[in-house]
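No value in this document is a laboratory result; all are computed from the given coordinates. Keep in mind that this is a model prediction, so the values were computed, not measured.
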Amino acid sequence: MNMSARIPTLILGGTGYVAGEVLRLVLAHPHFELAGVMRHT
């Protein structure tokens, strides 16, 4: 595996405080790339 490769990441249940914190952590992580955020209505 290429160590510089970024891992596409999807956040499920993207509402509220916890989702905001997860989003912040994923965006700051050097190996994750945000692919999308989904929530159920």
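Some notes on this structure:
- Relative contact order, percent, the chain [alpha-carbon distance under 8 Å, six or more residues apart]: 53 percent
- Taking only the Cα atoms of the chain, the ratio Rg/Rh comes out at 1.04, with Rh defined as the Kirkwood radius.
- Helix 16-28 axis versus longest C-alpha principal axis of the chain: approximately 10°, rounded to the nearest ten.
- Stretched out straight at 0.36 nm per residue, the stretch from H29 to T15 would grow longer than its current Cα-Cα span by 3.0 nm.
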